[in-house]
Amino acid sequence: MPINYGEKKLLFSFFILIVLAIAIGINGIYQIEILSQRVKQLASQNLVLEKSILDMKINNTFFAMGVRNYYFWKVSRYLGALPMAVHPEDIFSKAEKFKEQLKVYKANSYKQKQKQWADQLTLSFNELVEIGKQIISLSESKQDVQV
């Protein structure tokens with residue numbers, strides 16, 4: 001039985017519909033894969049940023065606590081502060097670890113505001129380290145006067 005013109009047109013339309021459905025499906029899979037890769041990349045960057053921020057918080061706390069404890073030991077001989085008075089180099093090692101994590105943060109920043117924040121934080125923390133050095137120096141000079 002011969003296929004008439006209407007059936008040929010219907011078969012051709014059905015074929016075009018199948019080809020379009022396959023093309024749309026392949027394009028959709030491709031777009032999903034690209035989005036998945038972008039989300040994975042963003043997540044890996046954000047995890048590094050979050051970890052560096054957490055490490056900066058911890059090292060900043062240890063630095064501030066170290067300066068305080070060193071001062072307490074040198075001025076009032078507070079026994080709880082003795083470990084910092086015995087190893088004052090540990091105080092500034094925490095400051096260096098803070099600066100290292102700040103560099104990691106800045107290197108992994110992908111927004112301009114994040115980079116600006118890192119620059120401002122660098123300046124502020126450098127001032128804090130200088131103040132810490134002055135406090136330790138003053139507590140040393142006060143200790144020399146008391147002896």
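If you count, for each residue, the other Cβ atoms within 10 Å and average over each peptide, how do 111-121, 45-55, 21-31, 90-100 line up from highest to lowest?
Values: 111-121: 12.3, 45-55: 14.4, 21-31: 10.0, 90-100: 17.5.
The densest-packed peptide leads the list: 90-100, 45-55, 111-121, 21-31.
When the convex hull of the Cα atoms of the range 1-66 is projected onto a plane and the area is averaged over all directions, what value comes out in nm²?
5.5 nm²
In terms of modelled amide H atoms, which long-range or inter-chain residues lie less than 5 Å from the amide H of SER109?
Here nothing satisfies the definition.
Any read-out appearing in this document is the output of simple, stated calculations on the displayed coordinates, not a laboratory observation. Predicted model, so just to flag it, every value in this text is computed and none were measured. All Cβ positions, even for glycine, are placed from backbone atoms using ideal geometry, and neighbour counts span all protein chains on display.
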